[in-house]
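Since the structure comes first, as structure tokens, the remarks are kept for the end.
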Amino acid sequence: MNAKYVKEFVAYPDVTIMLVLLAPLMGYTFFHLLSYGTWIAFGIGMATYGISEYVIHRFLFHMKTPENPFLLKVIKRLHFDHHAYPDDLKLLFLPIWFSLPGFAIFSTICYFITNNFTLTIAYLAGIVLYFMIYEWKHYVAHRPIQPRTAFGKKIKKVHLWHHFKNENYWFGVTHTSIDKTFGTYKDQKLVEKSETAKNLEKRA
């Protein structure tokens, strides 16, 4: 792995902020690992983002083009412009003004369910850790980086199909399990090339 790409990833402001947030969350969780509840909450947190990765990408980021100018501006920044300029680093990472409120909502729900601060922190640590895995996998998919594992190479290839073959398939970035479950994973040879893969605003 070329060190310059790791440095570029870590040094990006939105990523840096998330890593700074992740450090104390992981540190606090580490001191409670003797509890099975901590492991369970942490795992559920990771699963939460693993699922929401697909749901948010498919149903929010690929929403019908809004008529409201403000909403259009927001969704363009969140995803539409990323399809238009898939290699633009400024559009590659999710902005913290979107991610942090989402994490706060998930954490609040967890606290109301468990009424337990330690479990909530472990849950949030799982979410943020998986989010950083998502950001890294997404970064690798769009940078001239060759993944080392067969799974990594496959994930990168599948994500690029989403961008350059057809935007209606392959919504997973770190995995393909939910795509396969809901029928949005197809053999790319059987999928027609979409004329709007790079211009989501122009979809019918």
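The values are calculated or read from the model by the stated rules, or taken from the named source; none is laboratory data. Since the model is a prediction, treat every value here as computed from it, not as a measurement. Note that we place each Cβ from the backbone using ideal geometry, even for glycine, and neighbour counts take in every protein chain shown. Side chains are part of the model used for accessible areas, which takes the heavy atoms of the whole protein and leaves out ligands, DNA and RNA. Shrake-Rupley method; radii C 1.70, N 1.55, O 1.52, S 1.80 Å.
Annotations for the structure displayed:
- Normalising the average separation of contacting C-alpha pairs (under 8 angstrom, six or more residues apart) by the number of residues puts the relative contact order of the chain at 27 percent.
- Test item: Cα-centred dipole of the chain, Lys/Arg +1 and Asp/Glu -1 on Cβ, debye: 600 debye
- Rolling a 1.4 Å probe over the protein chains gives Tyr85 an accessible area of about 140 Å².
- Heavy-atom surface analysis with a 1.4 Å probe gives the chain a carbon and sulfur content of 66 percent of its accessible area.
- Net lengthening on full extension, Lys202/Thr16 (0.36 nm per residue, minus Cα-Cα): 63.6 nm
- Gained length - Glu67 relative to Phe30, 0.36 nm times residue gap less alpha-carbon distance: 8.6 nm
- Three-way shape label, the range 67-159, alpha-carbon gyration tensor, a/c 1.5: oblate
- Averaged per residue, the range 150-204 has 58 square angstrom of accessible surface, using a 1.4 angstrom probe with ligands and nucleic acids left out.
- Legend: calculated FRET efficiency, Lys157 to Ala104, from the Cβ-Cβ distance at R0 = 45 Å, rounded to 0.05, equals 0.85.
- Here the label points at Asp187 and Ile44, each 7 Å from Cα along the C-beta direction, are separated by 4.1 nm in the simple model.
- Proximal charge balance of Pro86 [Cβ under 13 Å; K/R count +1, D/E count -1]: +1
- Mean accessible surface per residue for the range 1-148, computed with a 1.4 Å probe while every protein chain stays in place, in Å²: 55 Å²
- Within the chain, longest stretch free of exposed GluC sites (Glu not before Pro) [DSSP loop, at most 15 other beta carbons within 10 Å]: 68-191
- Surface accessible to a 1.4 Å probe, His175 within the full protein complex, Å²: 30 Å²
- Probe 1.4 Å - accessible area at Lys165, Å² to nearest ten: 40 Å²
- Restricting the range 49-101 to trypsin sites (Lys or Arg not before Pro) that sit in a DSSP loop and have at most 10 other Cβ atoms within 10 Å of their own Cβ leaves Lys64.
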